[in-house]
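What follows is a set of notes on a single structure, which appears directly below.
Quick note: the coordinates plus some simple rules give every number you see, no bench work behind them. Nothing here was measured: the structure is a model prediction, and the numbers come from that model. Cβ placement follows ideal geometry from the backbone for every residue including glycine, while neighbour counts extend to all protein chains displayed.
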Amino acid sequence: MNEQGPGVGIVRARHIAAGLGLLLMIVTLPYYLAAGLVAPLWAVIVLVAFWVLLFVLGIAWFRRAPFRVLALPFVAALTWIVVVTLGERLLGWTA
């Protein structure tokens, strides 16, 4: 006999989506930290601060908007790629 209400599956899916988003955010962290191989210290500090901001936003959205949390790792990855690429091309950052 299933005593769970009809919304339990939806709640579980929301928690899984938000958890996956935060897990994928953690996967992007080494790239932000390794940017120091190419970028100057000030740029790494700004990048890591941005990553922390996204992670805190993900925690805040965990219950209110869990499916939005899934977008955060993609925002983080795209931001890292754009910043490092523009830094190399426009600012002369080299490894």
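On the basis of being out of contact with any Asp or Glu (no Cβ under 6 Å at 6 or more places or on another chain) and without any contact (Cβ under 8 Å) to a residue 40 or more places away in the chain, does Ala76 make the cut? Answer is no for this residue. Among the residues making up region 39-73, those that are surrounded by fewer than 18 Cβ atoms within 10 Å (Cβ to Cβ), more than 30 Å from Ile10 (Cα to Cα) and touching a residue at least 24 places away in the same chain (Cβ under 8 Å) are Pro40, Ala43, Phe50. Only one of Gly36, Gly92 is at positive phi and loosely packed, with under 15 Cβ neighbours inside 10 Å. Can you tell me which? Answer to the check: Gly92.
Here is a check on your reading of the model: is Thr79 polar (S, T, N, Q) and more than 11 Å from the chain's Cα centre (by Cα)? Break it down stepwise before answering.
Working: polar (S, T, N, Q): yes; more than 11 Å from the chain's Cα centre (by Cα): no.
No; evaluated as a whole, the condition is false for this residue.
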